[in-house]
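Have a look at the structure below before the remarks.
What follows is calculated from the coordinates using simple rules that are stated; it is not laboratory data. All of these numbers come straight from a predicted model, not from anything done at the bench.
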Amino acid sequence: MIFRAVEDADLIRKARQGDVEAYNLLISRWEKRVYNYLLRILGEREDALDLSQDVFLKAYQNLRKLDDPARFAPWLFRIAHNEAFSAFRRRRPEGETLGEGEFPGLDVPAGAGAAFPIELSIAVTTALGKLNPEQREAVILKIYQGFKFEEMAEILACPVSTVKSRVYTALDVLKAQLAPLKSRGVT
Amino acid sequence: MSCSPFDLRDYLFGELAEPDRRQVEAHVHSCAHCNEDLERLRLTHSTLLALRDEEVPQRIGFVSDKVFEPSPLGRAWQSLWGSSPKLGFASAAMLSAALVIFAFFRPAAAVSAPPADPAKIEQQVSARVTAAVERAVDESEARQAAKATALLAAAEQRFEEQRQADRANMENLAQSIVVLQKQVNVSKSLLARANMEEPR
């Protein structure tokens, strides 16, 4: 991870000097993570891909504003977070907010059936759909993207205690949904 | 309700220091309820991870376009203004340079003079006044002498011109007299000849 951060910093330095190929290489390292983050939030593959492109374009345009290249990951996901919630606002009528369980249905991953039971994927998708938007995003950033709580606070622009509370509350909900399920032998 | 000395979710996410982790592990070893709770948390975590990342359906990339690429100077300028630490460093460097330049080129501090003697000051003032008056008199006399010399030269020139003119007039008059004398002589000779011819 340290080596990767060092190489990312080098690519960022080159991209800042106008080296587009270096930036493309940087994209190839991060596109899968950004795409999957957006896919799990938006639930639409096409939207996730479009927004991923927007995220990397905005990141390129603002790359010189990134003071510390070592903080590239939270900085990039901050852009992705803003793009995702701008997309949410565009989708929904003004004044209407997302309620619990109203999240867009997340499609079952295309490749899940090959390596994992399809029931498990459906169970996880359904359980994630029970969370409210903030809890769901917190779980995605912590469990699937592996960010530290401090980095999540930077991405979500809120205190660490708030982030931690969202993750832990969500974890309790998910535990109630998933732990008995697996122990009953769904797998 | 967990009776663990620390939050089991902190343990799960590796948020505890090593001694705290050991305490939780010891507690879970002896507490069936917390042990089960931790197992459920682990199970939930591993179940969530069953949802694997998908591959990006289409690679994301940008094409280099020279038109939109900033010049090296532009990049340096944007780099400076786009970065707060660099801008702060540049400001500090400029301030330091200004201080160094001022230290080298500042005017010398005025040396405080001892209290002056009034008699000496009066003597100095008097000497300065005298010198100034003498200088003014000399300059005035020089101006007057130059003016007199110029006037004298002009008078001499006028006198010389007048003398030249008078002399020319005298010469003209003398020549006229000579011509007149010659005419008189010619007239006399003609008259004498006429008188000699008349008796015949």
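Odds and ends about this structure:
- Rounded, prolate or oblate (a/c below 1.5 giving rounded, otherwise prolate when a/b exceeds b/c) for the range B:115-167 by Cα gyration tensor: prolate
- Candidate aspartates and glutamates for bridging to residue A:14, where Cα separation is under 19 Å - those fewer than 8 sequence places away on the same chain excluded: A:31, A:67, A:68, B:65, B:69
- Rg to Rh, two decimals, where the range B:100-200 supplies the alpha carbon set and Rh follows Kirkwood: 1.78
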